[in-house]
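Reviewing the structure listed below.
The values are calculated or read from the model by the stated rules, or taken from the named source; none is laboratory data. Quick caveat: nothing in here was measured; it's all calculated off a predicted structure. Backbone-built Cβ (ideal geometry, glycine too); neighbour counts: all protein chains shown.
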Amino acid sequence: MDAPIPPAAAASLNGFPSRKTATALKSSLAPVDAEAFQTAAEGILAAVNTVIDGKEDAARLVLTVLLAEGHVLLEDVPGVGKTMLAKTLARTIDCTVSRIQFTPDLLPSDVTGVSIYNQDSHRFEFRQGPVFANVVIADEINRASAKTQSALLECMEEHQVTVDGGTHRLSAPFIVVATQNPIEMEGTYPLPEAQRDRFMARLSLGYPDARSEVEMLENHQSGSPLESITPVVGIREASAMIARVRDIYVSDAVKEYTVSLGRATREHPDLRLGASPRSLLQLLRAAKAYAALEGRDFVLPDDVTGLADAVLAHRLLLQRKAAVAGTTASDVIASVIAAVPVPRSAGVPERLRR
Amino acid sequence: MSALLTRPEAVPVPGRQQGPGPGSPDGRETANIGVAAAGALAVLLCALSVHGVIEGWSWLPPLFFTVLVPLAATAGARRLRVPQSLVPVAGMAVLACTLTWLFASSASILGFLPGPGTLARADALLAEARTVVLTEVTPVQPLPGILFLCCAGIGLVAVLTDTLAATLRMPATAGLGLFAVLMIPAVLKPESLGAGYFLLAAAGYLLLLAAGARREQLGPGTRIPRTWAARGTAVSASALALALLLPAVLPGFNGGAFPEGTKFNFFSGSTGLNPVVTLGNDLRQPQSAGRITYATSSEEPVYLRSTTLEDFSGSRWAPDLRADERREGVASMTRGASASPEGRQGAQVVTRISSDTYSSPWLLAPYYPLGVAGADGNWSWDPKTMTVLNEDSDGASRQDYQVLSVAGEFTPEQLAALPEAGSTSVDAVFTDLPADLPENIRDATAEAVEDAATPYAKAMAIQGYLRGPQFSYSLQAPVEGGYDGNGISVLSEFLERKAGYCVHFAAAMAVMARQEGIPSRMALGYAPGQDTGRTPDGTGPDGQPLREFEVDSTDAHAWPELYFEGAGWVRFEPTPSRGSVPDYAQQQQTPANANIRDDDDPRLSGAPATAPAVPQEAPLAPETVLEPGDAGGTAWLGAVLGALAAAAAVLTPWAMRRRRAARRRNAAAEGPRAAPVWDELADLGIDYGYPGRTADTPRTYARRLADDAGFSPPAEEALTRIRLSYEEEAYAGAGRRGGRAPVPPWGDLETVQAELRRGASLPRQLHARFLPPSLAMRFRHD
């Protein structure tokens, strides 16, 4: 059940409790070569960019999370294209997509599925819920009750559904793209800290710039652009790309650097809660996916620093004093990045590292 | 350090969040007060070294006032936000008031405001100080004039230091003022500054630097990081150790602790009013100065006399001008002279003297002068002492003149037959002794004279006693023993220690002779110098050929002259190993002295025939401490070594930096590896003012470097190539795959270097080349 933790990641996080990772890829899948990977990735991004104008970085980040087998939380005001982004990405991959609109009366079984008595066979049959898809779009996740939220979160973490004593595996790849509206908070159940930790990355799209917005108005007048999207890769190719990401090399120096960043957040005076070991693992995984998207087969410290804000910011808890002073988690991460020295590879010894 | 030498930017480094930053007015004021206090302390610590130049410690309290009150005023002015340019003005005004209050209270308005009378008083004080400076030897007495000079000078230095360190924020430059204070003892004290005072002064300066650095780099209120303090301590300790050790190992440095090298010859050219003051210094100088040549027709060695010392009372002896006795007209000096050369039947001698660099108000002449011709200036002569003085205070320094003199020709028998001098034969000044004559001088006289009966026998006994084996000639012993100089107490000390030089021997003999009733005086001038081998044109009065000699500061000498009734003033020579003993004063009965062999002084033996080609390599007299030629050699060597050391010091950083680059180039080519190339790039960035931060990744650093330095596209491409191959090597797991990343050619680095150089100003380029900051970065960790 437990896929082996990639050796590089395990070595990087020596001393951290080994924990279950949820991957269910068939080992027979051969990783794609670099060129095919690059072509596929560029194809996906190009397709996404035809729909979502001026949000290349966000699209790339979501794809990074997808390739790193994580889940992403899109947090932004209504109408900037959160759902559109999720749907577009899902459509570029030839895979099953389901969308759950979270409402206060949504029940856990509405997410996971229910056992129904089949009168023909006189047996209970499990009817799969919407979570049984490769891409699950959980819209306005904070509107559902905590019970329903945790049902989804269990799926996200375990990649399986347990109903009436039976365990059902989810499909692979499996990514949850949850959206959350931070403005309208009345009658919502904000995700608790522990559950936010399950999302690999949180990002907000923000408004597009003026030129992109004009283009959007021009392009989207007649019908949904989603209609024109055709899948770029199939499910097998997607899995092969994920396999390739797991083979990206991480040097000891980068592992040390990641750990140093995490430790620095834990010791930071402005923070009540620093980055967890799980978050570091996810940060490194995301960095690997990002490096692969950049066409490299090794991780640079820059990959780690570039993703640190997206991966870590939603997990950090500020001290009340710092929060009152207007400090944000992103500020803290920026200051940590500016302070933690970048180590040099042991294989490249030289006294000056500047 | 460079930030302390040059004035830093008005806005200090941003980004210091903790504590009130140096930019905040409150913080800056506190910091400025700290720097000003450190400056005051540094000046006071430096001023402590004046002890020894001025006797005792009584000068210290007024000095405290003159340093602290003006500095308190400047600090207050800063506190009151007086415009920066007016702060030193306030300091100067308060300094003037403080000096007025201390020295001219009665001649001022309200006791401290300078009035019209104050200037006159200051002028009088300065005149007094001038006299003391010219006539006294250190340590001088703390007379008001000297105190005024000292306080005014150091007060000025204090205001200057304060202005540089606190107002202009250049504490390192403020060291100049402190250095000026240190120059006083370094030049005036025979033993120079001394390690203790040097360390005190250095401690003051370091404190000032630390206060300045703290203000610039940390701001007040923050704790000094321990590493920072430790590094500062290590650097200053090693610099101090170097300053203390270097003079010991480098030739040409004879000044001891303070590395001033060969002492400046302030007095060699102009010997001043009081040759006694400078005689010891002249003799101790490794280099000769004040060269005088003279050609004489005398067969005997000629002593050139400049002045005499008769008055042995008082704590300091100085030649008396005896202005009342002086007469005009030196062409003929025989008319009515009381000390007529009645005993002098010797041949007349012509001496032509030309002084090159020697200048003194006293005219050099052999004894007994009958007339002087050719000397420029308004000369007067004293019939009692036969000294010739220029009445013009600013007489020409170079003199060329001829003296006609008569040498005394006495035989021991003649002298032995002379009676004691009558009480009226000479003025009282030649016989008086100080009332408080120390007991040990009396004892020494009694021991020396024993049962000698006639004046001549007594004189010979005293001379024999002083030339005896228990006395030794030493230029350094008085300095080390603290009795250098003159005065009755010095004399007493000399007779205890039994080591000294001509001033001590001559004074001892003169005083001891007076105790035995022989009128005496001490003559100052030059011992016979060295035969140059030349025979100038002209002849003596009887057709003898002239022989040329030359003397310089190392021949400076003092000797006693004793008065014998019927013979006049007769020269004796109690100083062992210097000068020549006249025939009549030779000690026949003392074979113990044979080993001294004064007259074998090789410098006198040169007959014209044996022209010394290399005059200076004659064997040294046993006790001669410093030989001019020797010192000249080492000085030359020292100068060359110093120049080499300076050149090496300037070029060392450049060479080290180049060597490092060459090593990296080799390492990069050998590997082939990209890391050395990257390291060199990082160092170049540091050199040209674009230092990396420890939190920089190669990518962020390269981007910032290209942006800040405004790289052109080709240079940026070269930079990218270097960066990519370094990233690959550093983070892709070297050797993980079969193929290695292509190592960037060194040419890429040179492209980047040329680009950096193109964008840098000339000072920046020179700085990067000859004082590369990357060298210092090795020792930094922040």
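For this structure, a couple of remarks:
- Filtering the stretch B:725-736 for residues that are more than 9 Å from chain A (Cβ to nearest Cβ), surrounded by 17 or more Cβ atoms within 10 Å (Cβ to Cβ) and in contact with a helix residue (DSSP H, G or I) (Cβ under 9 Å, 6 or more places away or on another chain) leaves a non-empty set.
- Looking only at residues in the stretch B:663-676 that are within 13 Å of chain A (Cβ to nearest Cβ) and in a helix (DSSP H, G or I), the one that is nearest to the chain's Cα centre (by Cα) is B:ARG663.
- Residue list for the stretch B:439-472, restricted to those being of a type in the set (Ser, Thr, Tyr) and in contact with a helix residue (DSSP H, G or I) (Cβ under 7 Å, 6 or more places away or on another chain): B:THR445, B:THR454, B:TYR456, B:TYR465
- Scanning the stretch B:439-498 for residues that are outside any loop (DSSP other than H, G, I, E, B) and among the small types (Gly, Ala, Ser) turns up B:ALA444, B:ALA446, B:ALA448, B:ALA457, B:ALA459, B:ALA461, B:GLY464, B:SER472, B:ALA477, B:GLY481, B:SER489, B:SER492.
Residue-by-condition table, conditions (1) more than 54 Å from the chain's Cα centre (by Cα); (2) modelled with pLDDT of 85 or more:
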residue	(1), (2)
B:TYR688	no, yes
B:LEU705	no, yes
B:SER712	yes, yes
B:ARG736	yes, no
B:GLU750	no, yes
B:ALA760	no, no
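- Subset tally (residues that are closer than 11 Å to B:PRO519 by Cβ and not polar (S, T, N, Q)) for the stretch B:409-426: 4
- Any hit, the stretch B:648-662, residues being in a helix (DSSP H, G or I), touching a residue at least 60 places away in the same chain (Cβ under 8 Å) and β-branched (Val, Ile, Thr): yes
- Elements of type strands (runs of 3 or more DSSP E) contained in the stretch B:370-427, each with 2 or more residues being at pLDDT 75 or above and of a type in the set (Val, Ile, Thr): B:399-406
- The helices (runs of 4 or more DSSP H) found entirely in the stretch A:232-312 that carry 3 or more residues being closer than 18 Å to A:MET200 by Cα and either within 12 Å of another protein chain (Cβ to nearest Cβ) or at pLDDT 90 or above (or both) are A:252-267, A:277-293, A:301-312.
- When every residue of the stretch A:236-257 is checked against the conditions, none turns out to be surrounded by fewer than 17 Cβ atoms within 10 Å (Cβ to Cβ) and within 30 Å of A:THR148 (Cβ to Cβ).
- Of all residues in the stretch B:685-708, those being crowded, with 22+ Cβ neighbours inside 10 Å and assigned to a helix (DSSP H, G or I) number 6.
- Condition broken by B:GLN587, with the remaining ones in (1) assigned to a loop (DSSP other than H, G, I, E, B); (2) farther than 23 Å from B:GLU548 by Cβ; (3) at pLDDT below 50 satisfied: (3)
- Hey, A:GLU125 at pLDDT below 85, loosely packed, with under 14 Cβ neighbours inside 10 Å and either part of a helix (DSSP H, G or I) or in the same structural domain as A:GLY54 (by TED's automatic domain parsing) (or both) or not: yes
- Taken over the stretch B:684-706, the criterion of being facing chain A (nearest Cβ under 7 Å) and charged (D, E, K, R) is satisfied by B:ASP696, B:ARG699.
- Count of residues meeting criterion [surrounded by 22 or more Cβ atoms within 10 Å (Cβ to Cβ) and closer than 18 Å to A:GLY295 by Cα] in the stretch A:38-57: 2
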